[in-house]
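Q: Dropping a structure here in structure tokens format, bear with me for questions.
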Amino acid sequence: MIYGSIPMMIFILASGYLFAVYLLLALAKRTGTKTVPTSFSSSTEGKHKQEEISVRTKVTQAVNSQ
């Protein structure tokens with residue numbers, strides 16, 4: 001093995017490690033956002049959106065009051 005190429009090898013391995021971590025974090029973020037099932041009926045979906053709007057209003061009021 002040629003010892004002159006070891007610093008370059010360390011750089012390549014470190015870059016590959018960081019890229020793998022980046023991909024795993026991106027995958028975890030992508031799968032973490034899909035928590036709501038897509039098979040809702042129209043009445044349930046409308047009710048869910050109404051609850052979401054009321055929760056957003058309460059959170060906005062709480063944040064703005066501080």
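Q: Each residue of region 6-20 in turn: what ³J(HN,Hα) in whole Hz from Karplus with 6.51, -1.76, 1.60 and θ = phi - 60°, glycine and Pro shown as x?
A: Taking θ as phi minus 60°, the curve returns 5, x, 5, 5, 4, 4, 5, 5, 5, 5, x, 5, 5, 5, 5 Hz for region 6-20.
Q: Sticking with this structure for a sec: Separation between the residue 57 and residue 23 pseudo-spin-labels, each 7 Å from Cα along Cα→Cβ, expressed in nm?
A: 4.7 nm
None of the figures in this text is laboratory data; all of them are computed from the coordinates on show. Because the structure is a prediction, the values reported are computed rather than measured. Using ideal geometry, Cβ is built from the backbone for each residue, glycine included, and neighbour counts are taken over all protein chains shown.
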